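Visitor: This is the structure, below, for whatever I ask next.
The values are calculated or read from the model by the stated rules, or taken from the named source; none is laboratory data. All of these numbers come straight from a predicted model, not from anything done at the bench. When we count neighbours, we look across all protein chains shown, and the Cβ atoms used for this are built from the backbone with ideal geometry, even at glycine.
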Amino acid sequence: MNILNRAFTKTEKILLVLLLIIIIGAGYYLFVSTPIEQGIAAAKKEQNALTTELAATENKINSMQAMSEDIDANKKASLSYLPSYNAGKQELDFLHATLDKTMDYSVRFTDITREGDLIRRQWEMNYTVKSFAAAEKIIEELEGCEIRCLIEDMVVTPFVLGENLTDDEVTVKLTGAFYETMHDGIPDKELPEDSLKE
């Protein structure tokens, strides 16, 4: 009797159906469910990477916009410019005109330095005025000069040690610098060597 030609028993049929269900389930898990889950996990990973990249790009854009706004604000706020070398007479005339309102003053240039195209002309001054407010006004005029000017050091001394320093005469000692550029400047014997070439 051939075993393949015989009829299956009820128990064998049930076992064959169960085996077929297990094979179909395993096939679905291996070839359908697992690839879908892997695809979802990969998509989530890519989404997280894109979200991180987007956040970094947005931060960069925000930083660039803030920098651009700062530059624009500084351009609007700053009215000073760099005159071409040699603007010493123009700068000295400005200092004399500013200090002309004082009771007594002295001003002189002390040193000139050069770094590439940037010229730094240092000066020092002393002046006496009738009040602290007058001294402060001159300092504001120096800081607001249309020629690039930087105050580096300042000492304010009351003329008389009274109870109200704001209403008494004060003497002010300042050091600072004007800045010039070699762009369109004409070199002369006063022009120092470029310190960047040393």
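Visitor: Hey, does the stretch 111-120 have a residue that's in the same structural domain as C145 (by TED's automatic domain parsing), in contact with a His (Cβ under 9 Å, 6 or more places away or on another chain), surrounded by 12 or more Cβ atoms within 10 Å (Cβ to Cβ) and at pLDDT 90 or above?
Guide: No: zero hits.
Visitor: Shifting gears a bit: Look through Y105, Y81 and report the one residue that is touching a residue at least 12 places away in the same chain (Cβ under 8 Å) and closer than 18 Å to M182 by Cβ.
Guide: After applying the criteria, what remains is Y81.
Visitor: Considering only strands (runs of 3 or more DSSP E) fully contained in the stretch 94-198, which possess at least 3 residues that are within 17 Å of P83 (Cα to Cα)?
Guide: Qualifying strands (runs of 3 or more DSSP E): 104-115, 118-129, 170-181.
Visitor: Considering only residues that are touching a residue at least 60 places away in the same chain (Cβ under 8 Å) and among the β-branched types (V, I, T), which ones fall in the stretch 111-143?
Guide: I112, T113, I119
Visitor: Is at least one residue of the stretch 58-67 among the small types (G, A, S), at pLDDT below 85 and part of a helix (DSSP H, G or I)?
Guide: yes
Visitor: If you check P158, P83, which single one turns out to be outside the structural domain of D188 (by TED's automatic domain parsing) and either in contact with a Phe, Trp or Tyr (Cβ under 9 Å, 6 or more places away or on another chain) or modelled with pLDDT of 90 or more (or both)? Reasoning before the result, please.
Guide: On the way: P158 fails: outside the structural domain of D188 (by TED's automatic domain parsing).
Matching residue, one of P158, P83: P83.
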